[in-house]
1. Scan the range 404-413 and tell me whether some residue there is within 23 Å of A446 (Cα to Cα) and not hydroxyl-bearing (S, T, Y).
2. Quick check on the range 539-551. Is at least one of its residues in a loop (DSSP other than H, G, I, E, B), open to solvent by 10 Å² or more (accessible area, probe 1.4 Å), free of Cβ contacts under 8 Å to residues at least 60 places away in the same chain and of a type in the set (S, T, Y)?
3. R403 - would you say it is among the basic types (K, R), out of contact with any strand residue (DSSP E or B) (no Cβ under 8 Å at 6 or more places or on another chain) and part of a loop (DSSP other than H, G, I, E, B)?
4. Restricting the first residue to the range 561-580 and requiring it to be touching a residue at least 24 places away in the same chain (Cβ under 8 Å) and in a loop (DSSP other than H, G, I, E, B), which pairs with a second residue that is open to solvent by 30 Å² or more (accessible area, probe 1.4 Å) and hydroxyl-bearing (S, T, Y) meet a Cβ separation below 7 Å and a spacing of at least six or different chains?
5. Of the numbered conditions (1) open to solvent by 80 Å² or more (accessible area, probe 1.4 Å); (2) within 17 Å of R221 (Cβ to Cβ), D278 satisfies every one except a single condition; which is it?
6. Could you say whether any residue in the range 595-610 is at pLDDT 90 or above, open to solvent by 50 Å² or more (accessible area, probe 1.4 Å) and β-branched (V, I, T)?
7. Regarding L47, is this residue in a helix (DSSP H, G or I), open to solvent by less than 70 Å² (accessible area, probe 1.4 Å) and either at pLDDT below 80 or under 28 Å from V131 (Cβ atoms) (or both)?
Amino acid sequence: MSERSADITTQATLTLPAPTIAAEPRLLGAILRQQTELSEAQLGEALEEQRATRTAEATREGSRIGEVLVRLHYATEEQVLTALAQQLGLVVLAELKPEEVDPELCALVPINFAKAHQLLPIRRSGLVVAVAVADPLDVAALDDVRRALGCAVEPVLVAGAKVIDAINKVYARATGDTELGEKDDEMGGEAEELVDILDLTDEAPIIRWVNSLMFQAVKERASDIHIEPREKELLVRYRIDGVLYEHKRANRNYVNSILSRVKIMAGLNIAEKRLPQDGRIRRKIAGKEIDMRVATAPTPLGERITIRLLDRSSILHDLADIGFGEDHLDVINELIRRPHGILLVTGPTGSGKTTTLYACLSKINTPDLNILTVEDPVEYQLEGISQVQVNPKIELTFANAIRSFLRHDPDVIMVGEIRDSETASMAITASLTGHLVFSTVHTNDAAGAITRLVDMGIEPFLVASSLVGLLAQRLVRRVCSDCRELYKPTVEELEKIGIDAKAFFADKLGAPRIRSSTKPPPSGMLYRALATGCPRCSKTGYTGRSGIYELLLIDDQIRALALKNTDSTQIKRAAVAKGMRTLRDDGALKVRAGMTTIEEVLLVTAEDRA
């Protein structure tokens, strides 16, 4: 092992650190306890969850302890890799640069295999090839690579996300980033195996251009692609973490060809340019199955197209992963297991309400529950759950779907949105007849949902007797952990966000009870985004988003106020007096935990100034 490592380290184009050799074999948990802030209680919880996983699925090996610790946010992937390196005597690479990877070696390993096992051959040194791996214990995959390369392999530890990113860049460079082809596939069969865009080659320039557009959007974590005809050119913009950024421009002469290509992929009528159309594209891009919702709209300069990218891995989260504090998480876990009642999630469009509801459904989705949903549209198919998409043309509305559900012996019903009095009335009827109902409504805060239902014509006593909880939420951008900078906030900044400056600087606020892989800033300091950013965050200073929440539990006092048809301001004031955190208060906790910045919280909680 050591001789191979020495050979690899001598490479001029790829300098590897010396491997860490453990003095004696030690358990991974013991190493992490010594090297990180992992507590004995946290390690015990992770071991218990690992045992539970093995018990639930006896045919599987079960999650490794490192994976469980990362999932629980008790350790980062980098910390687990460092501990693994010490345990196994391997090398860890902090970065994996595509230009340092030998493309001839990669040509011997299929891209799908490389992605499935998160590994990538890096460089040959004599009779040994260094292979970047995220899981060094996947011995079978390493044996397959050894046979494919025809020589011995030396595993080098690299974080899984960085391996996948390097794979995308290396294999894309091998075919040319703008050479990405795509093959039309029939959309009728859901069971059809999708072919990855990166594995295809098509020489049609427009096809290559459009597929490059989609590949880059997935690579940069865009949620939407906006294709907009202008007077002299075609403009393409990506929405990343809620903010629009210009991506590229094309000559006006190619507008019709580009738009027609997208419409063909979405199954739309390319001859119809006067009316809006809606379609869907389903493709595999860079190893991920991506659903794309396509909407066209006629403008004086031509049709504009908006493509919404729906990545299953980005929406099907556990409740603990989407930003809930531990106290909120305890209450939510209790609410979603109630036998009946309504849990409403409120917030504007794009605030993550659907993600929260899906996380709730996934948490309680067991064979002993009959769960039915009615949505507009069905974002993702959830295994074991019957989902219906509304269709007003045939009078399949939210209300009619709920009415039908009640004849199917449901335990849990999810209604995509309560928009009118009929839907609200049917949802309340379902809850009062022994069913648990999840739904959403558009209001600024949690208390506003009560008055919104009354405004729809629902009697206050029905609202008070059916609701069990109200959850308002917003999304804030996460500050990039690679380029963020520490600073000492001013008293004015702290007061704006509702943090007691004296307690903050005296370190008397206590640690925020939030599960996060981000290490909190030191006492008296906060993080802010670097204006210039870095390559990981695409120069924005932020990467990813997290939720901030306002959870109003319907108790006897709140129920009495609802019965009196009290306005939302008084209801909110009473809830705050009983300990409810407002959106801004919860945002302040995320700032103190190092997850986001003061500017982000102020931006999305402007209405919470009172």
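1. Yes.
2. No, there is no match, as no residue in the range 539-551 is in a loop (DSSP other than H, G, I, E, B), open to solvent by 10 Å² or more (accessible area, probe 1.4 Å), free of Cβ contacts under 8 Å to residues at least 60 places away in the same chain and of a type in the set (S, T, Y).
3. Working: among the basic types (K, R): yes; out of contact with any strand residue (DSSP E or B) (no Cβ under 8 Å at 6 or more places or on another chain): yes; part of a loop (DSSP other than H, G, I, E, B): no.
Against the criterion (among the basic types (K, R), out of contact with any strand residue (DSSP E or B) (no Cβ under 8 Å at 6 or more places or on another chain) and part of a loop (DSSP other than H, G, I, E, B)), R403 does not qualify.
4. D567/T451
5. Condition (2) is where D278 drops out.
6. no
7. Details: in a helix (DSSP H, G or I): yes; open to solvent by less than 70 Å² (accessible area, probe 1.4 Å): yes; either at pLDDT below 80 or under 28 Å from V131 (Cβ atoms) (or both): no.
So L47 fails the test.
Condition check ((1) exposed (fewer than 15 other Cβ atoms within 10 Å of the Cβ); (2) free of Cβ contacts under 8 Å to residues at least 60 places away in the same chain; (3) touching a Gly at 6+ places or on another chain (Cβ under 6 Å)) across all residues:
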site: T356; (1), (2), (3): no, no, no
site: S362; (1), (2), (3): no, yes, no
site: E383; (1), (2), (3): yes, yes, no
site: A401; (1), (2), (3): no, yes, no
site: P410; (1), (2), (3): no, yes, no
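The values are calculated or read from the model by the stated rules, or taken from the named source; none is laboratory data. Note that the structure is a prediction, hence the values are computed from the model and not measured. All Cβ positions, glycine included, derive from the backbone under ideal geometry; neighbour counts span all protein chains shown. Ligands, DNA and RNA are excluded from the accessible area calculation, which covers all protein heavy atoms including side chains. Shrake-Rupley method; radii C 1.70, N 1.55, O 1.52, S 1.80 Å.
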